[in-house]
Amino acid sequence: MKRTAVLFLLPNLWIGCLALECTTVSGRLKQVDAGNGHVFGVCPKGEIFTLYGSSLIRLPGQLKHVSVGPAGVWGVNSTNNIHKLVKGDWVAVPGLMRQVDAGGKMFAAGVNMGSVVFCLGEEATTGYAGPGSRASWTQLPGKLRYYSCGPYSCWGVNAADEIYIMKGVTPTACGGSLDLEHISGSLAMIEVSTDGQVYGVNSLGDIYKREGVSPCNPAGTEWRHVQHSEKVKHLSYDLGHLWLINRENRILDCTE
Ligand SMILES: *[C@@H]1O[C@H](CO)[C@@H](O)[C@H](O)[C@H]1NC(C)=O
């Protein structure tokens, strides 16, 4: 009898410790990105917002995906044109991308419509000021549908939800080892935070965190399922907060 009671109690305690505590941010977004202390996102119709106080403030323009990090604020619009926020305005950047990421150490990266992966070195990334600036993207090996960079590695997923890591990325060598290494598991999207934490969402809407990630072990050790009461379609982590977008485009600000 006593033994049964203990067995029932343990799982509850375990879930209780790891469940997320969330508050809702008013408004609707289809995608959110948090990095370098900022939070940006886009609405289903493409309007762009940033969090200021507890309100979402609208920026000019329209994008389908936005990213903020050490590389600045970058995004792509519905026709896959790349843009960078310069002096409060979106300036077009040469190239076409389906998704760009500003999380690398002062470098931008992204994937195009054919799932080809690219990165832009620190000098071109930080120095890009609009037409006339140089922006020559470096093509990386492999095909990925989503690519996100952090301080020492980039992670991506391909069309089959397979997960890959590119180690050894630096401001001057944004391509890193140029060798995508396969990581077990299955995720639909993945995000690396400014401090190197790795979170992802699988096709069922479940949240996972990569445990044991460090500069000495960029690939980490295992995936941990992060308990949450509802399914999500997008997430981003920064400074202790996990930002979630659920299937109804509601925005949740969560801590563990
Ligand atoms: C996307 O951006 C390009 C370059 O700024 C612009 O010419 C184009 O009109 C934009 N497309 C849409 C659908 O807004």
How do the pairs read when you match residues in the stretch 228-256 that are at positive phi with residues anywhere that are crowded, with 21+ Cβ neighbours inside 10 Å and not polar (S, T, N, Q), using Cβ under 8 Å and keeping only pairs 6 or more apart or on different chains?
239/34; 249/29
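Out of 105, 45, I need the residue that is open to solvent by 20 Å² or more (accessible area, probe 1.4 Å), closer than 22 Å to residue 25 by Cβ and either near the ligand (Cβ under 10 Å from one of its atoms) or outside any strand (DSSP E or B) (or both). Which one? I'd like the intermediate steps shown before the answer.
Values: 105 fails: closer than 22 Å to residue 25 by Cβ.
Matching residue, one of 105, 45: 45.
Might you let me know whether the stretch 145-152 holds any residue that is among the charged types (D, E, K, R) and closer than 28 Å to residue 49 by Cα?
yes
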Some residue of the stretch 120-139 being within 18 Å of the chain's Cα centre (by Cα) and over 17 Å from residue 170 (Cα atoms)
no
Among the listed residues 65, 83, which satisfies the condition of being crowded, with 19+ Cβ neighbours inside 10 Å, without any contact (Cβ under 8 Å) to a residue 24 or more places away in the chain and at negative phi?
83
Take the stretch 48-82 and flag every residue that is within 12 Å of the ligand (Cβ to nearest atom) and assigned to a strand (DSSP E or B).
48, 60, 61, 62, 75, 76, 81, 82
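For residue 117, are the conditions met, namely being in a strand (DSSP E or B), more than 16 Å from the ligand (Cβ to nearest atom) and buried (at least 16 other Cβ atoms within 10 Å of the Cβ)? Break it down into steps so the answer makes sense when it comes.
Working: in a strand (DSSP E or B): yes; more than 16 Å from the ligand (Cβ to nearest atom): yes; buried (at least 16 other Cβ atoms within 10 Å of the Cβ): yes.
Against the criterion (in a strand (DSSP E or B), more than 16 Å from the ligand (Cβ to nearest atom) and buried (at least 16 other Cβ atoms within 10 Å of the Cβ)), residue 117 qualifies.
Just give me the residues in the stretch 190-201 being of a type outside the set (Asp, Glu), farther than 15 Å from residue 256 by Cβ and open to solvent by less than 20 Å² (accessible area, probe 1.4 Å), in sequence order. Reasoning before the result, please.
Within the stretch 190-201, the first condition is being of a type outside the set (Asp, Glu), and the residues that meet it are 190, 192-194, 196-201.
Filter once more, keeping what is farther than 15 Å from residue 256 by Cβ: 190, 192, 194, 196, 200-201.
Residues satisfying the conditions are 190, 192, 196, 200, 201.
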For the stretch 165-204, how many residues are at pLDDT below 95 and over 20 Å from residue 35 (Cα atoms)?
1
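Kindly evaluate residue 88 against the criterion of being more than 16 Å from the ligand (Cβ to nearest atom), open to solvent by 20 Å² or more (accessible area, probe 1.4 Å) and over 22 Å from residue 239 (Cβ atoms).
Details: more than 16 Å from the ligand (Cβ to nearest atom): no; open to solvent by 20 Å² or more (accessible area, probe 1.4 Å): yes; over 22 Å from residue 239 (Cβ atoms): yes.
No; evaluated as a whole, the condition is false for this residue.
Could you please find all residues in the stretch 230-240 being within 13 Å of the chain's Cα centre (by Cα) and open to solvent by less than 70 Å² (accessible area, probe 1.4 Å)? Write out each step before concluding.
Within the stretch 230-240, the first condition is being within 13 Å of the chain's Cα centre (by Cα), and the residues that meet it are 233-238.
Correct list: 234, 235, 236, 237, 238.
Give the residues of the stretch 131-149 that are outside any loop (DSSP other than H, G, I, E, B) and within 20 Å of residue 121 (Cβ to Cβ), sorted by residue number.
Going residue by residue through the stretch 131-149, those that are outside any loop (DSSP other than H, G, I, E, B) are 131, 133, 138-143, 146-149.
Scanning the stretch 131-149 gives 131, 133, 138, 139, 140, 141, 142, 147, 148, 149.
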Check off (1) open to solvent by less than 60 Å² (accessible area, probe 1.4 Å); (2) in contact (Cβ under 8 Å) with a residue 12 or more places away in the chain for residue 136 and give me the number that stays unchecked.
(1)
Mind checking whether some residue in the stretch 150-173 is open to solvent by less than 10 Å² (accessible area, probe 1.4 Å), touching a Gly at 6+ places or on another chain (Cβ under 8 Å) and assigned to a loop (DSSP other than H, G, I, E, B)?
yes
Cross-chain or 6+ apart pairs with Cβ under 7 Å, the stretch 27-47 first and closer than 18 Å to residue 77 by Cα, then assigned to a loop (DSSP other than H, G, I, E, B) and open to solvent by less than 10 Å² (accessible area, probe 1.4 Å)
41/29; 42/29; 42/63; 43/29; 46/63
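The values are calculated or read from the model by the stated rules, or taken from the named source; none is laboratory data. Just so you know, these numbers come straight off a predicted model, no measurement behind them. Every residue, glycine as well, gets a Cβ built from its backbone with ideal geometry; the counts of neighbours run over all protein chains shown. All accessible areas refer to the heavy atoms of the entire protein, side chains included, with ligands and DNA or RNA removed. Shrake-Rupley method; radii C 1.70, N 1.55, O 1.52, S 1.80 Å.
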